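Report on the following structure.
All of the numbers you see were taken from the coordinates with simple rules; none came from a lab. Worth saying up front: this structure is predicted, and the values here are computed from it rather than measured. Here Cβ is always computed from backbone atoms with ideal geometry, including for glycine, and neighbour counts include all displayed protein chains.
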Amino acid sequence: MYKKTNILAILLIVVFTACTDKTQYYEESGSVFHTLYHIKYQAENPLTEKIDNALQNFNLSLNPFNPNSVISRVNKNEPIKVDKWFAEVFNKAQEISKKTDGVFDITCAPLVNLWGFGFSKMDSVTPHMIDSIKQFVGYRKVHIKDDIVIKDDPRILLNCSAIAKGYACDVIASLLEQNGVTNYMIEIGGEVIMSGVNKNGGCWRIGINKPEDDSEVSSNTIKEVVQLCKKGGIATSGDYRNFYVKDGKKYAHTIDTRSGYPAEQNILSATIVANDCMTADAYATAFMAMGLEKVHKIVESLPEIEYFIIYTDDNGEEQVEYSKGMIQYLPNRQTLAILENP
């Protein structure tokens with residue numbers, strides 16, 4: 001009788017839970033900041049309107065293509081107090097600039113404009129032009145005081161494109177959590193933050209594309225799978241389809257603000273995992289610009305991130321390298337690691 005009663009109680013609990021769990025997985029998609037976004041989350045009701053409102057408000061803060069945004073008005077030297085989103089991105093950018101010795105720098109906009117999209121103006125760029133622009137480029141030449149951006153030179157322009165998309169993911173994640181959502185995956189322009197499980201009850205997974213060393217070819221072949229079973233941000237930066245070759249050397253689309261020239265490096269793709277997507281986004285860009293040798297010099301001081309890098313060795317062969325802690329996010333390599341270290 002005791003066993004039957006126990007079984008009946010368990011069945012009642014299961015039935016009651018099934019009847020009261022009204023949540024389901026919803027999907028949202030659209031465009032923001034001239035890029036696409038995809039959001040999946042489990043909730044009782046769709047949160048479409050709240051998500052749209054948050055993205056629109058974020059657009060008014062950090063979208064450089066919006067002439068009325070905070071960052072656009074700052075770049076035009078209008079007297080404006082920045083909002084909390086702008087301040088958070090700016091402060092995180094300054095922090096990462098210091099840790100990367102200025103490789104990451106949101107004052108790079110004038111240099112980006114000089115070289116042009118896809119190096120469209122590269123034949124007209126001269127050393128004299130670069131030296132002239134470098135006078136008003138540098139993260140140490142700008143700061144925030146009393147919610148006002150103070151520039152050492154009014155010609156300083158800010159470009160947060162290498163960090164803002166990641167932060168936008170964090171903003172939407174915070175919104176979902178405030179509405180009781182614990183299972184979600186948010187992707188904006190390739191930057192991702194995820195938490196909990198997918199609709200099948202498994203950990204979220206995303207793929208890292210295999211580099212194709214051809215700017216005319218677009219491939220979606222997966223090189224590696226990254227799996228997160230806890231909350232975390234993932235960002236990948238890759239230059240293997242966006243580069244030019246001059247005098248036998250390959251130059252990436254990432255500008256090294258210290259030299260003023262496109263970064264010459266051997267990294268094809270850098271994937272970063274961090275607690276938040278803003279941090280992952282910024283370091284993915286920084287790693288591309290600094291190259292593998294310089295990455296090795298700073299990673300010990302960056303316990304907040306893990307990395308997976310695809311690079312070319314001295315013989316031009318494709319290789320991979322990843323941090324020790326990254327193995328926990330690489331299910332396909334965990335088995336290999338066990339076989340190699342029984």
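Full extension from T182 to T35: what is 0.36 nm times the residue separation minus their Cα-Cα distance, to one decimal in nm?
Residue separation times 0.36 nm, minus the Cα-Cα distance, leaves 50.4 nm.
Given I39, I133, V149, which one lies farthest toward the positive end of the charge dipole of the stretch 29-151, if we put +1 on the Cβ of every Lys and Arg and -1 on the Cβ of every Asp and Glu?
I133
Excluding C169 itself, calculate the net charge of residues whose Cβ lies under 15 Å from the Cβ of C169, where each Lys or Arg counts +1 and each Asp or Glu counts -1. Don't skip to the end; give the middle numbers.
Details: positive: K40, K92, K165, K231; negative: E28, E88, D170, E177, E187, E191, D276, D281.
Its environment carries a net charge of -4.
Relative contact order of the stretch 30-119, please, whole-number percent, based on alpha carbon pairs below 8 angstrom and at least 6 residues apart. Walk me through the numbers before you get to the answer.
Numbers: 51 pairs, mean separation 12.4, N = 90.
Answer for the stretch 30-119 is 14 percent.
Using 7 Å Cα-to-Cβ label points, what is the I130/S174 separation (nm, one decimal)?
3.8
Label-point separation (nm) for D313 and R140, each offset 7 Å from Cα along Cα-to-Cβ?
Once both label points are built, they end up 3.9 nm from each other.
Among the trypsin sites (Lys or Arg not before Pro) in the stretch 76-141, which ones are in a DSSP loop with at most 12 other Cβ atoms within 10 Å of the Cβ? Mind listing them?
Details: sites: K76, K81, K84, K92, K98, K99, K121, K134, R140, K141; in loops: K76, K121.
The qualifying sites are K76.
Counting other beta carbons within 10 Å of each Cβ, put D131, D101 in order, fewest first.
Working: D131 10, D101 13.
So the residues, fewest neighbours to most, are D131, D101.
Past the 23 Å Cα-Cα mark, which pairs from K40/K81; K98/K165; K223/K324; K199/K324; K297/K324; K22/K165?
Working: K40/K81 34 Å; K98/K165 21 Å; K223/K324 19 Å; K199/K324 30 Å; K297/K324 15 Å; K22/K165 32 Å.
Listed pairs above 23 Å: K40/K81; K199/K324; K22/K165.
What is the gain in length, in nm to one decimal, between K22 and N198 on full extension, counting 0.36 nm per residue of separation less the C-alpha to C-alpha distance?
Values: separation 176, 0.36 × 176 = 63.36 nm, distance 1.62 nm.
Using 0.36 nm per residue and subtracting the Cα-Cα distance, I get 61.7 nm.
What net charge is computed for the residues neighbouring V299, neighbours being all others with C-beta under 14 Å from the C-beta of V299, Lys and Arg scored +1, Asp and Glu -1? Walk me through the numbers before you get to the answer.
Details: positive: K99, K294, K297, K324; negative: D101, E293, E300, E304, E306, E321.
Within the 14 Å Cβ shell, the charges total -2.
Once you place label points 7 Å from the Cα toward the Cβ at I298 and T48, how far apart are they in nm?
So the label points at I298 and T48 sit 4.3 nm apart.
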